[in-house]
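Down below is the structure, laid out as structure tokens.
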Amino acid sequence: MGGVKGRSSKKIVEVIEVIVVVVVVVVVVVVVVVVVVVVVIVLLIVVVFVVVEVVKVVIEIVVIVVVVVIVVVLIVVVVVVVVVVVVVIEVV
């Protein structure tokens, strides 16, 4: 009778050990997954902020370039008109 009790208690200890190992593995996996998810979210937020800043800068540059081009075109048009008027006046 005593031998049977010894075996059953060993089995209980083995089952408890297996449960502890499984729990530890599950906890480690959950922690790793949570850390990975948090890191990925933080990286995404950083990337989004960087992209937004880059887009803002690009938009500012494009606006400046467009304004400069418009001003240059206007100046050229004015100069051409003045030259044409002067030439026409001299010819007439």
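If you place +1 on the Cβ of every Lys and Arg, -1 on the Cβ of every Asp and Glu, and leave all else neutral, what size is the dipole of segment 1-82 about its Cα centre, to the nearest 20 Debye? Working shown, then result.
On the way: 5 positive and 4 negative charges, 144 e Å.
Dipole about the Cα centre, nearest 20: 700 debye.
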The chain: most fluctuating residue of Val15, Val37, Val25 per GNM, C-alpha cutoff 10 Å
Val15
Just the number, please: Stokes-Einstein D of the chain in µm²/s, Kirkwood Rh from C-alpha pairs, 25 °C, 0.890 mPa s.
115 µm²/s
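Using only the Cα atoms of segment 42-89, build the gyration tensor, take square roots of its eigenvalues as a ≥ b ≥ c, and label the shape rounded, prolate or oblate: rounded if a/c is under 1.5, else prolate if a/b is larger than b/c, else oblate. Provide the component values of the computation, followed by the final result.
Values: a/c = 12.58, a/b = 11.41, b/c = 1.10.
Note, shape of segment 42-89 comes out prolate.
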Can you find, among Val58, Val46, Val78, the residue sitting farthest towards the positive end of the charge dipole of the chain, where Lys and Arg contribute +1 and Asp and Glu -1 at Cβ?
Val46
Label 7 Å along Cα→Cβ of Ile70; segment 25-59 residues with amide nitrogen under 19 Å?
57-59
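FYI, it's all coordinate maths here, none of it is from the lab. All values derive from a computational prediction rather than experimental measurement. We place every Cβ from the backbone using ideal geometry, glycine too, and count neighbours over all the protein chains shown.
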